[in-house]
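**Student:** Have a look at this one.
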Amino acid sequence: MKDNDCIFCKLANGDIPTATLYEDEDFRVILDANPASKGHALIIPKEHYADLYELDDSVAGKAMILAKKMIAKLTDILGCDGYNIVQNNGECAGQTVFHYHLHMIPRYKGDDVGLGWKLNELTEEDREYILSKL
Ligand code: 5GP
Ligand code: ZN
């Protein structure tokens, strides 16, 4: 399914031209318009899924395999020192485009990409609650 009001449906399916690094029947890989670092790219499925909750299992698997191939190739081209694969679900998690996509963010020693979080202590209460519910 495509969503006529979705910008990523249009980009992924070639209705709006964009800098494309790779394309196959399921995905388009494009350069992010607002890169966190040089080479920041997005893997976008051609079908519309709002987020990981909605994503088809086989597309999820293919997306990660494609990320693996892309970062190997892009590491050679860019000479980066590492990679973050980031995928946001929900506004509170930083999602701004509600069509599933994987960020591939090259990392360079000493860069100022602001990914990270504060490390807290795992409480006994949280641990017991979560383990008891699964
Ligand atoms: P999110 O915040 O939803 O995880 O990520 C959305 C990403 O899409 C952002 O990094 C943003 O820069 C990128 N983006 C949004 N609109 C466009 C667009 O029209 N073209 C491209 N190439 N990237 C876009
Ligand atoms: Zn879409």
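Just so you know, all these numbers are worked out from the coordinates, no wet-lab data involved. A quick note: this is a predicted structure, and the numbers were derived from the prediction, not measured. We place every Cβ from the backbone using ideal geometry, glycine too, and count neighbours over all the protein chains shown.
**Student:** Over every pair of different alpha-carbon atoms in the range 3-134, take the mean of 1/r and invert it; report that Kirkwood radius in Å. Walk me through the intermediate numbers first.
**Tutor:** On the way: mean 1/r = 0.0612 Å⁻¹.
Kirkwood radius, the range 3-134: 16.3 Å.
**Student:** With Cβ to Cβ distances under 14 Å as the rule, what net charge do the other residues near I7 carry (K, R +1; D, E -1)? Can you show the working numbers first?
**Tutor:** Details: positive: K2, K10, R28, K46; negative: D3, D5, D15, D32.
Result for the neighbourhood of I7: 0.
**Student:** So, one more: Sort L122, L52, L11 by Cβ crowding within 10 Å, fewest neighbours at the top.
**Tutor:** Values: L122 9, L52 15, L11 22.
With the fewest neighbours first, L122, L52, L11 line up as L122, L52, L11.
**Student:** Between the helical axis of 57-78 and the dominant principal axis of the chain, each derived from Cα atoms, what acute angle in degrees is found, rounded to the nearest 10?
**Tutor:** 70 degrees
**Student:** Then there is this: 222 nm [θ] for the chain, helices only, -39500 (n - 2.57) per DSSP H run of 4+, per residue, to 500?
**Tutor:** After summing the helix terms and dividing by the residues of the chain, the value is -9000 deg cm²/dmol.
**Student:** Between beta-carbons, use under 11 Å as the cut-off and find the net charge around Y83, counting Lys and Arg +1, Asp and Glu -1. Walk me through the numbers on the way to the answer.
**Tutor:** On the way: positive: K68, R107; negative: D81.
Within the 11 Å Cβ shell, the charges total +1.
**Student:** Now, a different point. Could you give the alpha-carbon Rg of the range 48-87 over 2.2 N^0.38 Å, rounded to two decimals?
**Tutor:** 1.39
**Student:** Please work through the chain and write down the cysteines that have no neighbouring cysteine Cβ at a distance under 4.7 Å.
**Tutor:** C80, C92
**Student:** Against the longest alpha carbon principal axis of the chain, how many degrees, from 0 to 90 and to the nearest 10, is the axis of helix 124-133 turned?
**Tutor:** 60 degrees
**Student:** Counting Lys +1, Arg +1, Asp -1, Glu -1, what net charge surrounds K69 among other residues with beta carbon under 15 Å of its beta carbon?
**Tutor:** Spelling it out: positives minus negatives among the neighbours equals 0.
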